[in-house]
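Asks: Let me begin by handing over the structure; questions about it come next.
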Amino acid sequence: MTQDAAIALTSAAAGNGPLALEATGLSKDFKLGHGAILHAVRDVHISLYKSAVVALVGESGSGKSTVARMLAGQERPTAGTIALDGEPVDVRTGRAFRRYKSQVQYVFQDPFGSLNPVHSVGYHLARPVKLHQGRDVDVKKRVIELLEQVRLTPAAQFEPKYPHELSGGQRQRVSFARALAAEPNVLLADEPVSMLDVSIRLEMLNLLDDLRKRLHLALLYITHDIASARYFADEVLVMYGGQIVERGPAEEVTQQPAHPYTQLLIASAPDPDNLGSVLRSGNSAPRARGTGSGPAATGCPFSNRCPLADDKCRAENPALHQLTAVRAAACWRLSEAAPALANGTA
Ligand SMILES: Nc1ncnc2c1ncn2[C@@H]1O[C@H](COP(=O)(O)OP(=O)(O)OP(=O)(O)O)[C@@H](O)[C@H]1O
Ligand code: SF4
Ligand SMILES: [Mg+2]
């Protein structure tokens, strides 16, 4: 599917609210020295709608954080455009970047490294409130409100605490509160629960989901764990070797995956029919295993691990092919990998 066709594909997240952030043809190359170039992200299209969750799923090194950093304005794309509320974004000027940052917030995976140990919780929250909300705002009142929003209560007791006095989950709640201080429309949550104890992961995902609903946030949830993506995402984008290899409604993609890589991910999950319980039990889905190592440098990136790979797969990289109004997969051999979907009989 060409880039234009990608735009024609309806996002499974589109029903919840208006389009907030849209990235088209997003690519990032890194120069590695000796003239080598790493295509870390290739031609990615993402649409984030208010009140909806899009999950970006893929194993380590697939390019998820690079996508998030570009969406957050922290990394300049090699190619592609980003539009916020329909307006093309140019983050090269300081004022435009500040405005964009107030609307698009990024939460990192590491709740330990992301807070400064010498500053209190109140300080971490007061700073962005002052920066983004101007002088008239009652900073103290707003900090208390933010703590209550992330259920750190009684808020007055948490405000003077320092990061070392908090658990991992409490720190991640402070990170969420800090992101919300700017009153953003878009929240980019990069593996927000992967470093937390399994016993509190579900609670944290429920908190994110609750915040998304109450504040009408457009949420990008990044994870290597397709179980958690199914648990609360509207649309799933499966990433491999820097490109989106499959996209569609979370429920459909996880119940009936079309791409051989997604099939491998689902098959590797301990209990594909009861993926929500995986979070509760602590049996986080393992990263998919295959025969090869990293993505193939030429042809389909999955060709050195795919059981269906043939000469064409090793020579040419397939574009996304639209399967239904809301689903697409990038594979030359969909009629064998997912016959019912490819023949339109699913
Ligand atoms: N600044 C950089 N310079 C060179 N290579 C980079 C840079 N940042 C990322 N990469 C490479 O780009 C690829 C994608 O990295 P990225 O961090 O986006 O992956 P990821 O999907 O977020 O992985 P993880 O699940 O481990 O967080 C990797 O091969 C990584 O080594
Ligand atoms: S294009 Fe070929 S190698 Fe790639 S996923 Fe499809 S069948 Fe496998
Ligand atoms: Mg990452």
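Here, each number is a calculation from the coordinates, and none is a lab measurement. Because the structure is predicted, anything quoted here is derived from the model rather than measured. Cβ atoms come from the backbone with ideal geometry, glycine included; neighbour counts cover every protein chain shown.
Asks: Criterion first (within 16 Å of ligand 3 (Cβ to nearest atom) and closer than 25 Å to GLY73 by Cβ) does LEU208 satisfy it? Quick ask: steps written out before the conclusion?
Replies: Values: within 16 Å of ligand 3 (Cβ to nearest atom): no; closer than 25 Å to GLY73 by Cβ: yes.
When the stated conditions are applied, LEU208 does not pass them.
Asks: Could you check, for the stretch 87-94, whether at least one of its residues is touching a residue at least 24 places away in the same chain (Cβ under 8 Å) and buried (at least 16 other Cβ atoms within 10 Å of the Cβ)? Walk me through it before giving the result.
Replies: Our first condition is that a residue be touching a residue at least 24 places away in the same chain (Cβ under 8 Å); within the stretch 87-94, this holds for none.
Looking through the stretch 87-94, none of the residues is touching a residue at least 24 places away in the same chain (Cβ under 8 Å) and buried (at least 16 other Cβ atoms within 10 Å of the Cβ).
Asks: Residue by residue through the stretch 164-203, note down the ones that are charged (D, E, K, R) and more than 29 Å from ARG98 (Cα to Cα). Outline the logic, then answer.
Replies: Within the stretch 164-203, the subset charged (D, E, K, R) is 165, 171, 173, 178, 183, 190-191, 197, 201, 203.
Hits for the stretch 164-203 are GLU165, ASP197, ARG201, GLU203.
Asks: If we only count helices (runs of 4 or more DSSP H) wholly inside the stretch 46-154, which ones have 1 or more residues that are in contact with an Asp or Glu (Cβ under 8 Å, 6 or more places away or on another chain) and within 14 Å of ligand 1 (Cβ to nearest atom)?
Replies: Values: elements: 64-71, 94-103, 121-133, 139-149.
In the stretch 46-154, 64-71 are the helices (runs of 4 or more DSSP H) which contain 1 or more residues that are in contact with an Asp or Glu (Cβ under 8 Å, 6 or more places away or on another chain) and within 14 Å of ligand 1 (Cβ to nearest atom).
One line per residue, one yes/no per condition, for (1) in contact with a helix residue (DSSP H, G or I) (Cβ under 9 Å, 6 or more places away or on another chain); (2) within 26 Å of ASN206 (Cα to Cα):
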| residue | (1), (2) |
| --- | --- |
| PRO88 | no, no |
| ARG95 | no, no |
| PRO117 | yes, no |
| ALA126 | yes, yes |
| ARG135 | no, no |
| LYS141 | no, yes |
| LEU146 | yes, yes |
| VAL150 | yes, yes |
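Asks: Give the residues of the stretch 306-327 that are in contact (Cβ under 8 Å) with a residue 40 or more places away in the chain and either within 16 Å of ligand 1 (Cβ to nearest atom) or over 27 Å from the mean Cα position of the chain (by Cα) (or both), sorted by residue number.
Replies: PRO307, LEU308 - these are the residues of the stretch 306-327 that are in contact (Cβ under 8 Å) with a residue 40 or more places away in the chain and either within 16 Å of ligand 1 (Cβ to nearest atom) or over 27 Å from the mean Cα position of the chain (by Cα) (or both).
Asks: Next up: Can you give me the number of residues within the stretch 230-267 that are under 14 Å from the mean Cα position of the chain (by Cα) and within 13 Å of ligand 1 (Cβ to nearest atom)?
Replies: 7
Asks: Collect the residues in the stretch 333-346 that are more than 26 Å from the chain's Cα centre (by Cα) and in a loop (DSSP other than H, G, I, E, B), keeping them in residue-number order.
Replies: ARG333, ASN343, GLY344, THR345, ALA346
Asks: I'd like the full set of residues that are at negative phi and more than 16 Å from ligand 1 (Cβ to nearest atom), limited to the stretch 294-304. Step through it out loud before you land on a result.
Replies: Here is the first cut: in the stretch 294-304, the ones at negative phi are 294-298, 300-304.
Passing the criteria: THR298, CYS300, SER303.
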